[in-house]
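Below is one structure, written out as structure tokens, with a few remarks after it.
The values are calculated or read from the model by the stated rules, or taken from the named source; none is laboratory data. Every value quoted in this text rests on a predicted model; they were computed, and no experiment measured them. Every residue, glycine as well, gets a Cβ built from its backbone with ideal geometry; the counts of neighbours run over all protein chains shown.
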Amino acid sequence: MEKYDCLKLENQLCFPLYACAKEVVRKYKPFLDELGITYTQYITLMVIWEHKKLSVKEMGEFLYLDSGTLTPVLKTLEKKGYINRERCKTDERSLIVSLTEEGEKLRDKAVEIPEKMGSCVCIDKKDAADLYRILHKMMKDF
């Protein structure tokens, strides 16, 4: 092995992860455009749909995003009427996010997206399950 082989793109695990992630998000775009939201707004809403009410800190832990990234996303979702943001009554430093009625209605529209995406990503169920397991194992180390 040559000294610089480690710098070849074909030898990088990060590159296929990056390229696939970018392409998967691109495939989501037409479905999310119909709802008027971005991919980051979509994954943020998924966490809120699942947990109903949580702090920005907790949300960041689920999404691997910092508050500097989440704040503009949450402000936009609030302007669109999908969420409410309010200070925690017991800890003023903590911001609590909850779903509005409009946010619940959007969930009813978004429920079709995973199935639509299933037809866009050509991978069999076993490979998908293996990939999911491996990626989540990697994420635990971050």
Legend entry - region 18-36 - residue that is aliphatic (A, V, I, L, M) and in contact (Cβ under 8 Å) with a residue 24 or more places away in the chain and, of those, farthest from Ala110 (Cα to Cα): Val24
Inset, instruction - Kindly provide the set of residues from region 104-142 that are in a helix (DSSP H, G or I) and in contact with a helix residue (DSSP H, G or I) (Cβ under 7 Å, 6 or more places away or on another chain), ordered by number. - result: Leu106, Arg107, Lys109, Ala110, Ile113, Lys116, Met117
Inset, instruction - Please work out which one of (1) assigned to a helix (DSSP H, G or I); (2) modelled with pLDDT under 95 is the condition Glu92 fails and give its number. - result: (1)
Legend entry - Scope region 37-56; condition over 14 Å from Arg107 (Cβ atoms) and either of a type in the set (Ser, Thr, Tyr) or exposed (fewer than 15 other Cβ atoms within 10 Å of the Cβ) (or both); matching residues: Thr38, Tyr39, Thr40, Lys53, Ser55
Legend entry - Failed item, numbered, when Val97 is tested on (1) closer than 25 Å to Phe142 by Cα; (2) touching a residue at least 12 places away in the same chain (Cβ under 8 Å); (3) of a type outside the set (Ser, Thr, Tyr); (4) surrounded by fewer than 17 Cβ atoms within 10 Å (Cβ to Cβ): (4)
